[in-house]
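Peer 1: Once you've had a glance at the structure underneath, I'll fire off some questions.
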Amino acid sequence: MCGIIGALSIENAIQADLLHALKKMEYRGYDSAGISVIEGDTLKSVKAAGKLKNLSEKLEKTVCDGLIGIGHTRWATHGVPNEVNAHPHLAARCAIVHNGIIENHLQLRQQLSASGSLFLSDTDTEVIPALLSSKLTELSDPWVAWFETLQQLDGAYALAGLIDLCPDSLWFARKGSPLLLARRGCCYYVASDALAVADLADEVMYLDEGEWGFIKAEKCHVFDKDSNPLSSKWVAMPVASGSADKGSYRHFMEKEIHEQPAVLQRILNAYIDRDAIRFPDAEWLASDALPERIVMVACGTSYHAALTARYWLERYLKVSVEVDVASEYRYRNPVIGDKTLLITLSQSGETADTLEALRLFKATTPNNRALSICNVASASLPRESDGLIELLAGPEIGVASTKAYLAQLSVLALLSLRFARHADAMAQQELESHIANLWRAVDGLSQMLKQTTAIAAVVPLFAEAHGSLFLGRGPCYPLAMEGALKLKEITYLHAEGYAAGEMKHGPIALIDHKLPVIVIAPQQYQLDKVLSNLKEVQARGARVILLTDLPESDRPDDVSGILSVPEGDYFTTPLLVCVPLQLLAYEVALSKGTDVDQPRNLAKSVTVE
């Protein structure tokens, strides 16, 4: 969501570094931006609503330079997206940028207003510089003022701040929202995202929950939640697989869709050792007793990947597999029990709801294992879990997830196969057959990326549509939900994904001659029943787009369009199906002229509840 950057140097002008880092975080989603710097002992700030180019244009007319500064891209939570609500927020003596939500901001605002503080914005963040300013007036030591300010904040925060009494220091704190430190030579950075500083720094320090401190030119000072000093934990900046620029593609989303064959190949190379499946960062999966229950927790697209894996796991393990939306899991007082495995899924590894679900699980049943499936090995989710299966998808910049989703399906397929073999529910010969099919799916994905003509032929069906319906059965029911989500995210058309057999229990009332209905009908999953559902839809006048691996001679000839996929097996079919669904959403979005990579109101990484 929001992006934080702080920078300190003894030799460089900071403005260029701040803008560079903010540009790198545009993909996270935002609606305003701003920077503050210390010039001598004076705080200067420039903010702008809208895109980062608006801030850049204002900075061309206003000199705002110095050796220490902070910057922010805001995704609105409290208060509308405008310049007044944009960060940084300033009070006498200090400036603050903040990710997260201060839950006691109303109480603090009342207390501070009664003491004479003036508030200009509608944000929860503005109480932080007001509170810090009051502490700086009361106390002689800025170090104590910063720490005492943190003690009065309830909720989640990642903070970077400037204090005019310490014009040589950059302040920071982390509780519940991601934050890291980075450095190269004499330059130090505070950032909410490693990608923001990946080409500015060569070392990184990941802050743990409750850690805070300040940076001076000669040293970085880090403290735990009780203000005990901590030793430095600098490590080499990780090198991401894949590029963070569009190259020759029109959008990051298009590029990332086309990277999927390489992503699958990278995953197979990493986790298949001859005819066995191994996960080096979760070796206990091979030695631990099989769980008696599996709980999978995720949000959005990751939730859909988990729903597909439930079919795979329950078919072979014969254990209960529960899939929960993370934002609901922790609030329903879940009954966990012993011998339960938690699997969390998140592209960023910083999704607030998923992190809190993990923490609840670990606090409630500390003897159970928690496995993270994540694209960022250094993120909070993997670091707080007992094991990791890294997605190896490389940077995903488009807000609507594509290659990370395919990577999740791929590693979940491998995990399901590993469990099935471990449980003696699958013979070695069958395992090897499925592995061979996964390797063949790399070429299958490449083939489907060439289906531009077939996709273009069905795009006009959405020109006058008021929405669309996606239908599937078995592991392709969650694929229908994901196809609908992709269309909603980037075209702003209403869409619903339904179990095909459930259509008659309500959604069929939506069908008319303008409604495109995408029927996912591979041979692997109850094909006859899905084709029967297709006929029911056609009888109501819908425009049916059939997505199938049937031979041409067996396909119905009275549909409005057909998208072909190569024939797969029980595990590879969802991998193959997801590509045409992504391409369809992308091409419809192009036809409607929407912002494909940064759709309205959305953020890449949801780091607040």
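The values are calculated or read from the model by the stated rules, or taken from the named source; none is laboratory data. No experiment lies behind these values; they were computed from the predicted model shown. Because the Cβ atoms are built from the backbone with ideal geometry, glycine has one as well, and the counts that use them run over all protein chains shown. Heavy atoms of the whole protein, side chains included, go into the accessibility calculation; ligands, DNA and RNA do not. Shrake-Rupley method; radii C 1.70, N 1.55, O 1.52, S 1.80 Å.
Peer 1: How many residues are among the charged types (D, E, K, R), more than 24 Å from L307 (Cα to Cα) and free of Cβ contacts under 8 Å to residues at least 24 places away in the same chain when one looks only at the range 417-476?
Peer 2: Residues in the range 417-476 being among the charged types (D, E, K, R), more than 24 Å from L307 (Cα to Cα) and free of Cβ contacts under 8 Å to residues at least 24 places away in the same chain: 1 in total.
Peer 1: Given (1) open to solvent by less than 60 Å² (accessible area, probe 1.4 Å); (2) closer than 30 Å to L355 by Cα; (3) not in a helix (DSSP H, G or I), identify the lone condition not met by P81.
Peer 2: (1)
Peer 1: Taking the conditions exactly as written (among the basic types (K, R), touching a strand residue (DSSP E or B) at 6+ places or on another chain (Cβ under 6 Å), farther than 23 Å from S378 by Cβ and open to solvent by 20 Å² or more (accessible area, probe 1.4 Å)), does R310 satisfy them or not? Full working, then the answer.
Peer 2: Numbers: among the basic types (K, R): yes; touching a strand residue (DSSP E or B) at 6+ places or on another chain (Cβ under 6 Å): yes; farther than 23 Å from S378 by Cβ: yes; open to solvent by 20 Å² or more (accessible area, probe 1.4 Å): yes.
When the stated conditions are applied, R310 passes them.
Peer 1: Kindly establish whether T73 is open to solvent by 10 Å² or more (accessible area, probe 1.4 Å) and not hydrophobic (A, V, I, L, M, F, W, C).
Peer 2: Values: open to solvent by 10 Å² or more (accessible area, probe 1.4 Å): no; not hydrophobic (A, V, I, L, M, F, W, C): yes.
In short, no.
Peer 1: Residues that are free of Cβ contacts under 8 Å to residues at least 60 places away in the same chain, closer than 17 Å to I96 by Cα and open to solvent by 20 Å² or more (accessible area, probe 1.4 Å), at least 1 per element: which strands (runs of 3 or more DSSP E) completely within the range 3-68 meet that?
Peer 2: Numbers: elements: 3-8, 32-39, 42-49.
Per the criteria, 32-39, 42-49.
Peer 1: Related question: Identify, please: which residue in the range 475-529 is charged (D, E, K, R) and either assigned to a loop (DSSP other than H, G, I, E, B) or at pLDDT below 90 (or both) and is, among those, surrounded by the fewest Cβ atoms within 10 Å (Cβ to Cβ)? Please lay out each step first, then the result.
Peer 2: Step one: list which residues in the range 475-529 are charged (D, E, K, R), which gives 482, 486, 488-489, 496, 502, 504, 512, 514, 528-529.
Next cut, either assigned to a loop (DSSP other than H, G, I, E, B) or at pLDDT below 90 (or both) only: 502, 504, 512, 514, 528-529.
Details: E502: 14, K504: 11, D512: 11, K514: 16, D528: 8, K529: 14.
So, considering only residues that are charged (D, E, K, R) and either assigned to a loop (DSSP other than H, G, I, E, B) or at pLDDT below 90 (or both), the one surrounded by the fewest Cβ atoms within 10 Å (Cβ to Cβ) is D528.
This table checks each residue for (1) in a strand (DSSP E or B); (2) of a type in the set (V, I, T); (3) touching a strand residue (DSSP E or B) at 6+ places or on another chain (Cβ under 8 Å); (4) at positive phi.
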position	(1), (2), (3), (4)
A201	no, no, yes, no
V204	yes, yes, yes, no
E209	no, no, yes, no
F214	yes, no, yes, no
C220	yes, no, yes, no
D226	no, no, no, no
S232	no, no, yes, no
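Peer 1: Output the number of residues of the range 256-277 satisfying the condition of being assigned to a helix (DSSP H, G or I), over 13 Å from V442 (Cα atoms) and open to solvent by 10 Å² or more (accessible area, probe 1.4 Å).
Peer 2: Total meeting the criteria: 2.
Peer 1: Scan the range 517-525 and tell me whether some residue there is touching a Ser or Thr at 6+ places or on another chain (Cβ under 7 Å) and either in contact (Cβ under 8 Å) with a residue 60 or more places away in the chain or of a type in the set (D, E) (or both).
Peer 2: Yes, some residue in the range 517-525 is touching a Ser or Thr at 6+ places or on another chain (Cβ under 7 Å) and either in contact (Cβ under 8 Å) with a residue 60 or more places away in the chain or of a type in the set (D, E) (or both).
Peer 1: Next question. Take the residues in the range 538-596 that are farther than 20 Å from M481 by Cα and among the β-branched types (V, I, T); name whichever of them is surrounded by the most Cβ atoms within 10 Å (Cβ to Cβ).
Peer 2: V559
Peer 1: May I pose another question? Looking at (1) in contact with a Leu (Cβ under 7 Å, 6 or more places away or on another chain); (2) modelled with pLDDT of 95 or more; (3) open to solvent by 20 Å² or more (accessible area, probe 1.4 Å), can you tell me which one D164 breaks?
Peer 2: (2)
Peer 1: Does any residue in the range 535-547 that is of a type in the set (K, R) come within less than 8 Å, Cβ to Cβ, of a residue that is modelled with pLDDT under 75 and in a helix (DSSP H, G or I) six or more places away or on a different chain, and which pairs are these?
Peer 2: The qualifying pairs are R540/I508.
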